[in-house]
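Take a look at the structure set out below.
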Amino acid sequence: MTLNDYQKAADRTSGDLVPWDKIRNGCYGLNGEAGECIDILKKVEFQGHTFDPNRLIDELGDVLWYVAQTATGLGVSLEDVAKHNINKLRERYPEGFDSERSVHRPEYEGGTCHD
């Protein structure tokens with residue numbers, strides 16, 4: 001399954017929301033599901049739960065659904081989002097990750113911060 005195939009299949013379960021509502025629902029849901037991912041780790045690290053990778057995979061799937069929802073609302077494909085992200089990372093870290101480049105990013109040093 002490609003990212004774009006996934007996006008189309010996921011949109012089948014999003015209802016008849018207008019684009020702005022897909023964006024809002026996507027962003028709200030994304031934050032909730034990301035919280036559920038970290039909650040799994042919290043329970044393992046501080047509450048004695050056993051780590052179950054499948055529970056994290058379930059939550060990652062939910063995160064992906066909301067990412068797809070947001071992209072659909074924006075009128076872009078998941079493949080476009082993925083390509084945009086890789087291009088941004090190649091520009092930021094042309095030789096691979098470098099902590100010095102991470103600390104001294106132009107958008108941080110110029111007084112503005114935007115990813």
Surface accessible to a 1.4 Å probe, residue 86 within the full protein complex, Å²: 80 Å²
With an 8 Å cut-off on Cα pairs and a minimum separation of 6 or more residues, tell me the relative contact order of the chain in percent. 34 percent
If you take every residue apart from residue 6 with its C-beta less than 15 Å away from the C-beta of residue 6, what net charge results, scoring Lys and Arg +1 and Asp and Glu -1? -3
Residues with amide H under 5 Å of residue 49's amide H, sequence separation 5 or more or different chain, H placed in the peptide plane at 1.01 Å from N; which? 44
Please turn the phi angles of segment 41-54 into ³J(HN,Hα) values with the Karplus equation 6.51 cos²θ - 1.76 cosθ + 1.60 (θ = phi - 60°), one per residue in order, whole Hz, x for glycine and proline. 5, 4, 5, 5, 6, 10, 10, x, 6, 7, 6, 10, x, 5
If you plug each phi of segment 62-72 into the Karplus form 6.51 cos²θ - 1.76 cosθ + 1.60 with θ = phi - 60°, what whole-Hz ³J(HN,Hα) values come out, in order, with x for Gly and Pro? 5, 4, 4, 4, 6, 4, 4, 4, 5, 4, 4
Quick one: ranking 58, 52, 16 by accessible area, 1.4 Å probe, largest first, what do you get? 16, 58, 52
Given the protein chains as shown and a 1.4 Å probe, how many square angstrom of residue 56 are accessible, to the nearest 10? 40 Å²
Rounded if a/c under 1.5, otherwise prolate or oblate - the chain, Cα gyration tensor axes: oblate
Loop-only check: which trypsin sites (Lys or Arg not before Pro) in segment 1-81 are DSSP coil with at most 14 other Cβ within 10 angstrom? 12
Carbon/sulfur accessible area of the chain, % of total, 1.4 Å probe, equals 56 percent
Specify whether the C-alpha gyration tensor of segment 44-90 places it in the rounded, prolate or oblate class, a ≥ b ≥ c being the square roots of the eigenvalues: rounded for a/c under 1.5, otherwise prolate if a/b is larger than b/c and oblate if not. prolate
Segment 24-115: chymotrypsin sites (Phe, Trp or Tyr not before Pro) falling in loop per DSSP and having at most 12 other Cβ within 10 Å: 51, 97
Relative contact order of segment 15-65: what whole-number percent is it, with Cα pairs under 8 angstrom and at least 6 residues apart? 42 percent
Rounded to the nearest 10 Å², the accessible area of residue 49 at probe 1.4 Å: 90 Å²
Mind checking which lysines have their C-alpha under 21 Å from residue 22, skipping anything on the same chain fewer than 8 residues away? 8
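The values are calculated or read from the model by the stated rules, or taken from the named source; none is laboratory data. Note that this is a predicted model, so its numbers are computed, not measured. Every residue, glycine as well, gets a Cβ built from its backbone with ideal geometry; the counts of neighbours run over all protein chains shown. Accessible surface areas use protein heavy atoms only, side chains included; no ligands, DNA or RNA. Shrake-Rupley method; radii C 1.70, N 1.55, O 1.52, S 1.80 Å.
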